[in-house]
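I have placed the structure first, in the form of structure tokens, so that the comments after it can refer back to it.
The values are calculated or read from the model by the stated rules, or taken from the named source; none is laboratory data. This structure is a prediction, so every number in the text was calculated from the model and none was measured. Here the Cβ is made from the backbone with ideal geometry for all residues, glycine too, and neighbour counts use every protein chain on show. Accessible surface is based on the protein model in full, side chains and every heavy atom, while ligands, DNA and RNA are left aside. Shrake-Rupley method; radii C 1.70, N 1.55, O 1.52, S 1.80 Å.
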Amino acid sequence: MTQPLDEPLDDSEIARWTAWKRANEAVLATVAREVQDAAGLSAADFAVLSRVIENGGDHMPQQDLGALLDWKPARLSRQLSRMVERGLLRREDGHGRRVLITATDEGRTALAAARPAHARAVRRALFQHAGASDSDDFWNVVQKISSPPEETPRPPATGTSGAADG
């Protein structure tokens, strides 16, 4: 039977939660290490380059990139500055006040070198254990969890000046 949502986790739930976190961390660490070893890219470098090159056709407005990555502007700006210094990207003036992020030849070469390592690492660290298609129930749950939550209206706060929203 399912516990009420506000009750503390029982021993079985704690064990599952801990296993989920460890599995997630292990997969991400394996993929990050292999991409780093193959192409000298950090996980953040790989995330940025793959979005700019594969979603943006080698260039993308910085604001759109931030939205795709779900990163705060300060984090994105620092990451992009490091990548520009390393020659992986260029910042260019776009329309209006928008900044356009463009992959350089070095960035495209680095992503191309990272892709095979990324695929091998994902297959070895995740799919060999979870199955790519054999366990549809598992992948359906993962898809459901990873989908954006549906917006539900929040009741208005009463008698406060926004303190209840914190």
| message | Quick check on region 39-63: of everything there that is in a helix (DSSP H, G or I), open to solvent by 40 Å² or more (accessible area, probe 1.4 Å) and out of contact with any Lys or Arg (no Cβ under 9 Å at 6 or more places or on another chain), which residue is farthest from Q128 (Cα to Cα)? | response | N55
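Specify which of the listed residues (T102, T109) is closer than 19 Å to V52 by Cβ, at pLDDT 95 or above and in contact with a strand residue (DSSP E or B) (Cβ under 6 Å, 6 or more places away or on another chain).
T102
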| task | Filter region 71-112 down to residues that are assigned to a loop (DSSP other than H, G, I, E, B) and of a type outside the set (K, R) and give me whichever is most open to solvent (accessible area, probe 1.4 Å). | result | H95
